[in-house]
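Report on one structure; see the data block that follows.
The values are calculated or read from the model by the stated rules, or taken from the named source; none is laboratory data. No experiment lies behind these values; they were computed from the predicted model shown. All Cβ positions, even for glycine, are placed from backbone atoms using ideal geometry, and neighbour counts span all protein chains on display. Each accessible area value is taken on the protein alone, full model and side chains, heavy atoms only, with ligands, DNA and RNA left out. Shrake-Rupley method; radii C 1.70, N 1.55, O 1.52, S 1.80 Å.
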There are 2 protein chains.
Amino acid sequence: MLRQLLPRCGRALRAPASRTPYALPTLQRASRWYSIQPEAASVAKPLDIDPTKLSITKTQNPKTPKDPSELVFGREFTDHMLTIEWTKNDGWLTPTIQPYQNLSLDPATCVFHYAFECFEGMKAYRDSKGQIRLFRPDKNMERFNKSAARIALPTFSPTSLIDLIAKFVKLEERFIPDGRGYSLYLRPTLIGTQKTLGIGAPGSALLFVIASPVGPYYPTGFKAVSLEATDYAVRAWPGGVGDKKLGANYAPCIVPQMEAASRGFQQNLWLFGPEEYVTEVGTMNLFVAIRNKETNQKELITAPLDGTILGGITRDSILSLAREKLAPDGWLISERKITMPQLYEASLEGRLIEVFGAGTAAVVSPVRKISWKGKLVDCGLAENEESGEVANKMKTWIEARQYGDEEHEWSHIC
Amino acid sequence: MLRQLLPRCGRALRAPASRTPYALPTLQRASRWYSIQPEAASVAKPLDIDPTKLSITKTQNPKTPKDPSELVFGREFTDHMLTIEWTKNDGWLTPTIQPYQNLSLDPATCVFHYAFECFEGMKAYRDSKGQIRLFRPDKNMERFNKSAARIALPTFSPTSLIDLIAKFVKLEERFIPDGRGYSLYLRPTLIGTQKTLGIGAPGSALLFVIASPVGPYYPTGFKAVSLEATDYAVRAWPGGVGDKKLGANYAPCIVPQMEAASRGFQQNLWLFGPEEYVTEVGTMNLFVAIRNKETNQKELITAPLDGTILGGITRDSILSLAREKLAPDGWLISERKITMPQLYEASLEGRLIEVFGAGTAAVVSPVRKISWKGKLVDCGLAENEESGEVANKMKTWIEARQYGDEEHEWSHIC
């Protein structure tokens, strides 16, 4: 069973385990508006996804894949989509690959009103032998299930969905451009589809996967970005849902990002609390490489999984690679809190080696400066540099595993 | 222009004012994934909604309204829906009343992925003369615009939308049952409809209003509910978006509510911080009537608008009525923080007069007990009582204005 431990008291927060639905004999009508639906009890034990039942209907109008140089992230999609419906009575229904098409939904559907929606972002890569590979899909499935459970949507067998996604990707193989930096971005999405306005666990849901061919994030090499520290809005907090990949966490990020852009910064940097802990950059995790004031030891730091950041898979991969390849060279690898004043002090004292964001889209995204309280904090790059050494290495190391140049358990051949 | 002041530093958080879009000459491609779309700048000044252009297409298959005694909240809808599309280039397009029908949306539409969605809940009532009335619709429109601006969705003229909603309600008049407690629940909803996965301000949106006939929340008189205090999950945070009526705030509430229900409590009570401030009950505001320890003065308390609660219109109405009708009787009316330990102490000392939730659905919802840290806190009702005096009065006073028994500026005749 999925268990998500919460930072404040360590209690599991999930849909209550399957049990006889609690009867509210005299109060049932009175609590109609906010009532727990009987379907709640079935959320914990849906009939699982069965990939052997996959039904495929191919398009009659196949598209011509776009010229790879013209690809823009998330604008063009492949010919088909993978869909799996779920209902409280029957669990997961027949998985279907069908032509990419609009969803037709009643305007009362709960996804439009209460944000019953979560998603994943992952990529399929073509290796030098022409094989198609996924990168750590088990981590995406694990997070997808945790996100779903947190908003009372159904969970599923991770391996079954990976199996189906692999079949879907193979079918759309011709949309994956050759070459380093190219990939097929995959967007597994789960939405609640119950069409009533009462607030409760959805009695039906739809899981779908769409795919968009994408080009390299940095077509001509790294371009360092500058950030504006956001201290007037808070993205996430302990005990909240900022550590889940819910739609709910994204729409509120746009205005602070537009604010930053209006002053010439490409991204905003989310601070947290009176200590001004550095948490995330835009929708990426953040890494800071710093030299210790006393010992001079180099330390690679990223915020801990305390509920205020998303547990990124690129973040996890960078931590693993750093422990494997940087630690033997004397680096300290830390998941710990670091504050903006500490970062500023390190910069002033020349101890700030480099700063970079980490996410599926860019792998790593080097940072040049951070605007904070009227100061412009220098993040360690020379004027003619667009990235630091750690960012360079990480991109190379991760891509080697993504594109199968290095055989590794992180890479899943479809 | 809309301005929403934030608690921490009083800065306005909204879409940047219309200005030449900031050019990112060398970094534009690098920031593709998270980039600010050019459409962002137009969010601040859309062409406004024009109610004179309303186009009406009536259904060919009118429904027979359900027997009023069989109505369940938000399950049955009227014959038509009001829709208004918005695009970054053209602003608000022709308002349309058309047959109630499914929305057909590309699976990449941003409402499914990033929760670009906000809504309102309001009601239309039939008065004793047969006139149809809305209750404080200006307050709904004000909040709707604030919610929209916070997630980079377009805003609009409040009076224009009220005008259109009034026309829509008049058209659906036959669905509003006669009698106290019956009404037509209205759900204005605004969703982002841009069909790309890049995260930015949506370049298109759809505003729709659907209507559901509802019966009295308490068909046979008040039924007091019992609550479980939730200390392991946090609904809202200062600087977050918990004070906006965004879909994002609702899906995360279900699991804590199911947890409460699994232990026999109808609702959960959201606490905040180490002080355990009492904030909201389920998705209603909370009122506490208490007698002062020193002075014995009666005080009606509700949490202040500090970003951790939704500014409910029923909450605002209760505060107004309390200042108008209870204060002259010696009551102190307070928007201030109160902690769970303080509430517990008052209960032990017999100073807790009553506790009730407040929202559009129930108007007021009396509370019998609160489960908190293994204790069952008695909220002042006698065993044979289902509601306290203040709750009774408030329901009577508010309904008198909703149903037009008392002519008042809060009531808007359609």
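When the stretch B:60-85 is examined, which residues are found to be polar (S, T, N, Q) and either part of a helix (DSSP H, G or I) or surrounded by fewer than 14 Cβ atoms within 10 Å (Cβ to Cβ) (or both)?
Within the stretch B:60-85, B:60, B:61, B:64, B:69 qualify.
Among (1) in a loop (DSSP other than H, G, I, E, B); (2) buried (at least 24 other Cβ atoms within 10 Å of the Cβ); (3) not acidic (Asp, Glu), which single condition is residue B:305 missing?
Status for residue B:305: all satisfied but (2).
So which residues in the stretch A:92-109 are touching a residue at least 12 places away in the same chain (Cβ under 8 Å) and either buried (at least 17 other Cβ atoms within 10 Å of the Cβ) or within 9 Å of chain B (Cβ to nearest Cβ) (or both), if there are any at all?
The answer is A:92, A:95, A:96, A:97, A:100, A:101, A:103, A:105, A:106, A:108, A:109.
For residues in the stretch B:249-270 being in contact with a Pro (Cβ under 7 Å, 6 or more places away or on another chain) and open to solvent by 10 Å² or more (accessible area, probe 1.4 Å), which is nearest to residue A:148 (Cα to Cα)?
It comes out as B:259.
If you check residue A:208 against the conditions, is it open to solvent by 10 Å² or more (accessible area, probe 1.4 Å), within 11 Å of chain B (Cβ to nearest Cβ) and either in a helix (DSSP H, G or I) or in contact (Cβ under 8 Å) with a residue 40 or more places away in the chain (or both)?
Against the criterion (open to solvent by 10 Å² or more (accessible area, probe 1.4 Å), within 11 Å of chain B (Cβ to nearest Cβ) and either in a helix (DSSP H, G or I) or in contact (Cβ under 8 Å) with a residue 40 or more places away in the chain (or both)), residue A:208 does not qualify.
Hey, among A:123, A:139, A:129, which residue is of a type in the set (D, E, K, R) and in a strand (DSSP E or B)?
When all the criteria are applied, what remains is A:123.
Mind checking which pairs have a first residue in the stretch A:159-173 that is of a type in the set (Asp, Glu) and a second that is in a helix (DSSP H, G or I) and open to solvent by 10 Å² or more (accessible area, probe 1.4 Å), Cβ under 6 Å, 6 or more apart or different chains?
Qualifying pairs under 6 Å: A:163/A:51.
Checking the conditions here, which among B:121, B:200, B:181 is closer than 29 Å to residue B:357 by Cα, at the interface with chain A (Cβ under 10 Å from one of its Cβ atoms) and touching a Phe, Trp or Tyr at 6+ places or on another chain (Cβ under 9 Å)?
Just one listed residue meets the conditions, B:121.
If you take the residues of the stretch A:214-235 that are under 13 Å from residue A:276 (Cα atoms), within 8 Å of chain B (Cβ to nearest Cβ) and of a type in the set (A, V, I, L, M), which of them is nearest to the chain's Cα centre (by Cα)?
Ranking the candidates gives A:234 first.
For the stretch A:156-169, state whether one or more residues are open to solvent by 10 Å² or more (accessible area, probe 1.4 Å), hydroxyl-bearing (Ser, Thr, Tyr), at pLDDT 95 or above and not in a helix (DSSP H, G or I).
Yes.
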